[in-house]
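One structure below.
The values are calculated or read from the model by the stated rules, or taken from the named source; none is laboratory data. The structure presented is a predicted model; accordingly, all values stated were derived computationally and were not measured. Don't worry about glycine lacking a Cβ; one is built from the backbone with ideal geometry, like all the others, and counts go over all protein chains shown. For the accessible areas, the whole protein counts, side chains as well, though only heavy atoms, and no ligand, DNA or RNA atoms are used. Shrake-Rupley method; radii C 1.70, N 1.55, O 1.52, S 1.80 Å.
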Amino acid sequence: MNIGAPWPTLQEAEVRVLRMQTKLHQWARDDPARRFDDLFNLVHDPATLVVAWRRVRGNKGKRSGGVDSIAPVDVTDAAELLADLRDDVKAGVFVPLPARERMIPKSGGKLRRLGIATVRDRVAQAALKLVLEPIFEAEFHPCSYGFRPKRRAQDAIAEIHQFSSRKYEWVLEGDIEACFDNIDHTALLDRVRRRVGDKRVLGVVKAFLRAGVLGEDGFLRNTSTGTPQGGIVSPLLANIALSVLDEHFAELWQTTSATPYQRWKRRQAGLPTYRLVRFADDFVVLVHGSQAVTEALREDVARVLAPMGLHLSAAKTRVSHIDEGLDFLGFRIQRRRKPGTTRRVVYTYPSKKAIAAIIGRVRALTRRTVHPSLAALLRQLNPVLRGWCTYFRHGVSKATFGYLDEYAWRRVLRWIKRRYRKTKWAVLFRRFYVNWRPTEDEISLFQPQTVTVRRYRYRAANIATPWATTVS
């Protein structure tokens with residue numbers, strides 16, 4: 001790249017960044033031992049910063065401000081922001097500010113700590129991720145699916161379905177205690193150094209890790225461990241840390257179970273085979289073996305995670321059989337008898353917790369009487385229903401969609417009656433119902449039961465990265 005070139009347009013910047021990422025990915029893939037010593041110029045390159053700003057300005061957190069209370073939507077002069085940021089990064093005087101702490105509710109009444117960085121820091125993190133991600137993607141293993149390009153939760157569910165249908169019947173459900181808060185910085189930076197030799201880039205990564213957090217109580221807390229959850233580069237750093245687990249099970253698979261003959265030979269000798277499926281800090285280990293072998297895996301996994309400062313939650317890490325079922329990423333995965341036959345097959349369908357969550361969301365939206373009109377209500381409700389059904393349409397979800405359809409229809413009916421208490425039902429029906437669907441301003445209530453349900457295609461290790469195209 002020509003670092004001295006003027007600021008490019010967004011379209012020009014995206015082309016240049018994609019070309020840069022493709023080269024980095026190919027070099028990293030072709031030489032697994034290569035360390036990249038000159039990446040700093042790419043981090044503060046104008047094209048990288050333009051693409052980074054576009055991603056910061058377009059994501060869901062664009063209305064949230066950091067410790068300076070300035071949100072991306074409040075920035076009126078993006079060119080000045082990027083120019084100042086580039087000068088500071090290039091001169092080596094860029095220092096990230098502490099992240100603003102915000103506690104958000106989790107299931108079970110607990111709270112999750114979210115760190116909201118300033119706009120400048122978010123752009124710098126996005127630029128850093130644009131440069132580092134294609135390098136580390138070259139060595140990440142196929143068993144990892146969370147926060148990686150072109151990979152999704154359905155891939156993880158499909159892999160669990162694939163192996164649990166083939167006698168991998170025992171499951172270790174792993175839960176890492178406060179993963180994002182406890183990652184050891186020294187161990188993480190050592191893993192980053194295996195691929196990145198540029199000390200200036202390593203310095204920026206270290207600065208983000210140790211920037212601190214300004215708590216909701218107004219006190220500034222040091223971050224001697226962990227990476228702030230909510231930071232743009234945090235998922236990548238977490239995947240780098242957790243790849244120790246991927247490497248451990250990938251090595252086991254390659255050395256003992258890579259071929260059908262090896263697996264057959266081990267099973268004849270009464271030895272188990274393992275398969276890891278990980279989505280960010282949630283993971284399961286599928287075991288073709290006994291319950292005792294699966295129980296023993298707890299200590300093995302704990303030993304692998306310990307150097308990274310991570311520990312398994314004793315309360316949430318459990319061993320289960322596929323006939324009992326397990327909940328993973330919102331799905332319930334369980335082997336049952338197929339109706340009308342004696343065969344037992346593995347089904348994936350929405351979990352009770354996922355159904356309760358969408359029911360609660362529909363109830364909350366339709367409880368409010370502040371919506372100015374039915375159309376306003378439907379504009380908020382329809383995306384919620386559509387998104388939930390899109391996520392679960394690859395499971396055995398048809399009956400659930402029918403139940404959700406009826407529930408949403410009745411809640412909207414109840415809302416209409418409460419909103420127009422003094423109007424007769426016959427008048428409301430003529431005004432708001434078209435083919436029995438609540439409708440206003442040509443906006444009708446989304447119909448979940450019309451969503452097509454089909455099995456997700458298992459893609460195994462055949463998921464291409466965005467940088468698979470060869471460039472000269």
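Mean sequence separation of contacting Cα pairs (under 8 Å, at least six apart), scaled by the length of region 152-232, corresponds to a relative contact order of 32 percent. Of the whole protein surface, Arg200 contributes about 120 Å² of accessible area at a 1.4 Å probe radius. Listed by chain and number, the lysines whose C-alpha is less than 19 Å from the C-alpha of Lys23, apart from same-chain residues fewer than 8 away, are Lys129, Lys150.
In this view, the solvent-accessible surface of Ile355, computed with a 1.4 Å probe and all protein chains in place, comes to about 40 Å². If you take the alpha carbon atoms of region 108-201 and fit the smallest convex hull around them, that volume is 175 Å³ per residue. Between Val244 and Asp441, full extension at 0.36 nm per residue minus the direct alpha carbon distance yields a gain of 65.5 nm. In this structure, the residue pairs whose Cα-Cα separation is over 28 Å, taken from Lys106/Lys352; Lys60/Lys398; Lys62/Lys110, are Lys60/Lys398.
In order along region 368-375, the phi-based Karplus estimate (6.51 cos²θ - 1.76 cosθ + 1.60, θ = phi - 60°) of 3J(HN,Hα) comes to 6, 9, 7, 4, x, 7, 4, 4 Hz; Gly and Pro are listed as x. Shown here for region 227-281: trypsin sites (Lys or Arg not before Pro) in loop regions (DSSP other than H, G, I, E, B) with at most 15 other Cβ atoms within 10 Å, of which there are none.
Region 121-191 and region 337-356 have Cα centres lying 27 Å from one another. Secondary-structure-derived ellipticity at 222 nm for the chain, considering helices only, amounts to -15000 deg cm²/dmol, per-run term -39500 (n - 2.57) for DSSP H runs with n ≥ 4.
Of the GluC sites (Glu not before Pro) found in region 214-308, the ones in coil according to DSSP and having at most 11 other Cβ atoms within 10 Å of their Cβ are Glu216. Among the trypsin sites (Lys or Arg not before Pro) in region 48-117, those located in a DSSP loop and surrounded by at most 16 other Cβ atoms within 10 Å of their own Cβ are Lys106, Lys110.
In order along region 399-404, the Karplus-derived 3J(HN,Hα) couplings, from 6.51 cos²θ - 1.76 cosθ + 1.60 at θ = phi - 60°, round to 5, 5, 4, x, 5, 5 Hz, and Gly and Pro are given as x.
Only lysines eight or more places from Lys422 in sequence, or on another chain, were considered; none has a Cα closer than 26 Å.
Reported to the nearest whole Å, the Cα centre-to-centre distance from region 405-428 to region 270-325 is 50.
Comparing Cα centroids, region 73-99 and region 1-66 end up 16 angstrom apart.
Taking the charge dipole of the chain about its Cα centre, with +1 at Lys and Arg Cβ atoms and -1 at Asp and Glu Cβ atoms, the residue from Val277, Gly330, Ala47 reaching farthest to the positive side is Gly330.
Please report the antiparallel percentage of DSSP beta bridges with both residues in the chain, rounded to the nearest 5. Here the share of antiparallel DSSP bridges comes out near 90 percent. Suppose a student asked you for the relative contact order of region 58-127, using Cα pairs under 8 Å spaced at least 6 residues apart; what percent would you report? That works out to 35 percent. Taking a ≥ b ≥ c as the square roots of the eigenvalues of the Cα gyration tensor of region 15-144, is the shape rounded (a/c under 1.5), prolate (a/b larger than b/c) or oblate? Taking the square roots of the gyration eigenvalues as a ≥ b ≥ c, region 15-144 is oblate. Here Lys167 is the anchor, and the aspartates and glutamates within straight C-alpha reach of less than 20 Å, apart from those fewer than 8 places off in the same chain, are Asp155, Glu159, Glu295, Asp323, Glu324, Asp327.
3J(HN,Hα) along region 98-105, derived from phi through the Karplus expression 6.51 cos²θ - 1.76 cosθ + 1.60 where θ = phi - 60°, amounts to x, 7, 7, 7, 9, 8, 10, x Hz, with x in place of Gly and Pro. Dividing the C-alpha radius of gyration of region 171-233 by 2.2 N^0.38 Å, with N its residue count, gives 1.30. Most tightly packed first, judged by the mean number of other beta-carbon atoms within 10 Å of their residues, the peptides 358-364, 139-145, 283-289 read 283-289, 139-145, 358-364. Look at the Cα gyration tensor of region 127-265: its axes a ≥ b ≥ c give a/c of at least 1.5 with a/b over b/c, and that counts as prolate. As a fraction of the 1.4 Å probe accessible area of the chain, surface on carbon and sulfur atoms comes out at 51 percent. With the cut-off at under 13 Å, measuring from each backbone N in region 387-420 to a point 7 Å along the Cα-to-Cβ line of Thr369 picks out 415-420.
Let me make sure I get this right: for the chain, a, b and c are the square roots of the gyration tensor eigenvalues over alpha carbons, sorted descending. Under 1.5 in a/c it's rounded, otherwise prolate if a/b > b/c, else oblate. Which is it? Note, shape of the chain comes out oblate. Spacing of the modelled spin labels on Gln11 and Arg344, each 7 Å from Cα toward Cβ, amounts to 5.9 nm.
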